[in-house]
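Encoded as structure tokens, the structure appears first; notes follow it.
Where a number appears in this text, it was derived from the coordinates with a stated rule and is not lab data. Everything numeric here is computed off the predicted structure, so don't read it as measured data. Glycine also receives a Cβ, built like all others from the backbone with ideal geometry; neighbour counts cover every protein chain displayed.
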Amino acid sequence: MSETHIQIDNVNAYYSGNHALKNISVQIPKKQITAIIGPSGCGKSTLLKCMNRLIDLTDEITYSGKILIDGENVFDKKTDIINIRKKMGLLAQKPTPLPMSIYENIAYGPRIHGLRKKPDLDNIVEKYLKLVGLWEEVKDRLNSPASNLSIGQQQRLCLARGLAVEPEIILCDEPTSALDPVSSQHIEQQLLKLKEDYTIVIVTHNIHQAMRLADYVVHLYLGELVEHGTANEVFENPKEERTRAYINGTFIPEYTIDTEVNLKGNECPYNFIYAKQALHKLGKGKILKVIVDYPTAVTEVPRGMEADGHNVLRVKQINESDWEILIRKN
Amino acid sequence: MNLRILKDKISSRLMLAATVFACLLFFLILIGLYIRASPILSTVPITELLFSEEWSPNAGKFGFLPFIMGTLWVTVLATIIAVPISLLSSIYLSEYAGVHLREAVKPLIDLLAGIPSVVYGLWGVLAVVPFIKNTLAPALGAETIGGYGILAGGIVLSIMVFPIIISVTGEVLRSVSHDLREVSLSLGATKWQTIKHVVLRKARPGIFAAIVLGFSRAFGETMAVLMVVGNVPKVPSSVFDPAYPLPALIANTFGEMMSIPLYDSAILLAALMLLTVVLVFNIIARMVLIKIERGVI
């Protein structure tokens with residue numbers, strides 16, 4: 001297992017007497033996507049909120065144990081929680097733009113941390129809007145209220161806003177549950193791209209999403225840690241019966257691949273063009289599997305295919321450098 | 001016809017009638033005041049009524065300016081004192097205080113709203129007026145008429161306005177979504193930065209409405225103000241001067257000296273002005289609050 005970034009040590013939490021987290025100990029690996037899965041009300045979000053201590057906002061909550069991030073205990077009252085929170089971007093369940101313009105939303109974080117110069121702020125806004133693929137859509141209306149954006153755009157704005165304070169960790173609390181499928185896919189693709197530089201923790205009750213994204217999986221049930229391990233271990237060969245039941249309780253799609261194209265070593269836009277040619281030879285409803293190793297292709301090929309009206313079924317990293325993309329022709 | 005259905009029809013009509021009566025009452029008052037005030041409106045030009053400083057009913061001079069200015073001075077002063085204190089305390093209660101403290105303080109503030117206004121007046125006469133006369137005015141080198149005046153009225157009135165501003169602002173702040181606070185805090189903002197840049201920004205229209213509601217309550221308040229404000233019909237020039245607000249004029253003089261021509265009509269005009277202003281303020285505030293509830297703002 002790779003280096004640990006967040007070490008959760010014997011964490012307990014109580015909501016007005018209700019035992020919400022029971023002796024949770026788990027290590028979250030650096031620069032990977034960790035999915036916290038489990039049914040609703042099992043303590044997933046509570047655990048996430050413990051990591052940046054937003055749990056403090058909840059009335060009548062008590063917690064104990066340790067969460068170590070870069071050697072600092074988040075639960076220690078002496079810890080500078082402001083600094084810890086700055087290290088962790090949060091992507092909430094519902095897109096939550098601040099009541100200000102698109103520009104101000106991104107500039108808000110850097111500003112409260114003391115950045116005042118307009119050119120610097122301009123650069124940050126542009127950089128992070130580009131990073132989440134929103135710049136082209138909004139560059140002409142940066143000063144209009146963020147609430148005018150579509151829900152999917154709002155969520156990407158929220159992601160950019162979180163990234164603008166230069167965190168090391170991104171915490172996502174069911175970030176796509178309020179979004180339409182295309183917007184969800186955008187966000188998922190962003191997260192896959194971002195894990196090169198960030199440690200990502202995603203709470204999800206969507207098991208397919210966990211399968212598409214996760215490198216490491218934590219399964220909670222009624223406040224208990226049932227099982228944790230690499231995605232392969234947990235999904236292919238769960239040790240615990242409860243995990244097996246939870247995973248099998250939901251449908252795992254098995255696709256029959258009609259054609260496979262290996263596009264390793266190609267750059268964009270050739271990846272897209274070759275994939276399109278391959279798809280052209282297929283009949284309607286047939287499935288094409290594309291293997292790519294060019295980073296931009298991971299987001300651009302699915303986006304282009306969606307734009308052409310085809311269905312992107314799965315985008316998954318299969319090894320260190322390669323990704324498979326499943327496309328159904330429409 | 002079935003008796004059950006008959007009962008149902010009668011009871012619904014009865015309730016409708018009661019509702020119509022209650023609503024109609026307001027318009028009847030408005031119309032009644034207008035009819036009774038019309039003699040003076042048709043004899044004295046409106047500009048003279050509003051802008052003349054001379055109030056001598058015996059000579060047929062009805063200038064309302066001293067009363068209008070008296071009302072404005074006292075109300076504005078009360079608002080100036082009340083707004084910062086009640087805003088800070090409602091921010092504290094909704095953002096910082098724990099749930100237990102909040103629950104304990106809420107009924108206390110409601111209680112403050114329930115104290116009869118004459119009791120506030122007494123408290124003003126017994127505590128505020130002597131304090132101004134003996135301590136505050138000498139310290140600032142100001143002249144007062146025994147401590148009675150705008151300052152005493154403003155202080156008493158501001159305390160009467162607290163509960164309304166605190167409770168409405170509290171509601172507005174609590175209606176700001178929890179997620180917004182989480183987002184700001186998660187970016188590393190302090191609590192105060194979050195409140196200042198996000199919560200108050202979102203709550204601004206609602207807070208404005210709360211202040212307007214408080215203001216309109218202060219505008220019409222009679223008894224407590226009348227007891228401490230001095231009641232001298234002269235346009236005031238400092239907060240230590242006495243004043244004579246419109247409600248005090250109505251309460252003090254209506255029913256007396258009715259033999260003087262047009263006097264009665266002038267007093268009813270004062271009532272009409274008061275009602276109109278309070279009505280306009282209330283409508284503005286309610287409109288803003290309704291928009292907030294519907295999520296438009």
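At a glance:
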item	result
Amide H within-cut-off set for A:VAL226, under 5 Å, with H built and near neighbours excluded	A:HIS219, A:LEU220, A:TYR221
Residues A:HIS228, A:HIS186, sorted so that the one with the fewest Cβ neighbours within 10 Å comes first	A:HIS228, A:HIS186
Order of A:LYS49, A:LYS87, A:LYS130 - criterion: other Cβ atoms within 10 Å of each residue's Cβ, fewest first	A:LYS130, A:LYS87, A:LYS49
Ranked B:LYS202, A:LYS239, criterion: other C-beta atoms within 10 Å, fewest first	A:LYS239, B:LYS202
Neighbour net charge for B:LEU14 - beta-carbon separation under 12 angstrom, K R +1, D E -1	+2
Note, ³J(HN,Hα) from phi for the stretch A:19-25, Karplus 6.51, -1.76, 1.60, rounded to Hz, x at Gly and Pro	7, 8, 10, 10, 6, 7, 10
Estimated translational D of the stretch A:45-134 in µm²/s (Stokes, Kirkwood radius over Cα pairs; 25 °C; 0.890 mPa s)	161 µm²/s
Summed side-chain charge close to A:GLN153 - residues other than A:GLN153 whose Cβ falls under 15 Å, Lys, Arg +1, Asp, Glu -1	+3
The stretch A:225-324: chymotrypsin sites (Phe, Trp or Tyr not before Pro) in DSSP loop, at most 14 other beta carbons within 10 Å	A:PHE251, A:TYR255
Point-charge dipole on Cβ atoms (K/R +1, D/E -1) for the protein assembly as shown, about Cα centre, debye to 20	880 debye
25 °C / 0.890 mPa s Stokes-Einstein diffusion coefficient of the stretch B:49-293, Kirkwood radius on C-alpha pairs, µm²/s	125 µm²/s
Once the Cα gyration tensor of the stretch B:3-43 is diagonalised, semi-axes √(5λ) in Å	39, 6, 4
Cα gyration tensor category, rounded, prolate or oblate, for chain A with a/c compared to 1.5	oblate
Distant-in-sequence amide H partners of A:ALA20 (H built 1.01 Å from N, under 5 Å)	A:ALA13, A:TYR14, A:TYR15
Percent RCO, i.e. relative contact order, over chain A, from Cα pairs under 8 Å lying at least 6 residues apart	18 percent
Dipole of the stretch A:125-257, positive direction: furthest Cα of A:LEU134, A:LEU225, A:ILE257, with charges on the beta-carbon	A:LEU134
Share, in percent, of DSSP beta bridges within the protein assembly as shown that are antiparallel, nearest 5	65 percent
C-alpha center-to-center spacing [the stretch A:102-170, the stretch B:237-297] in angstrom	49 Å
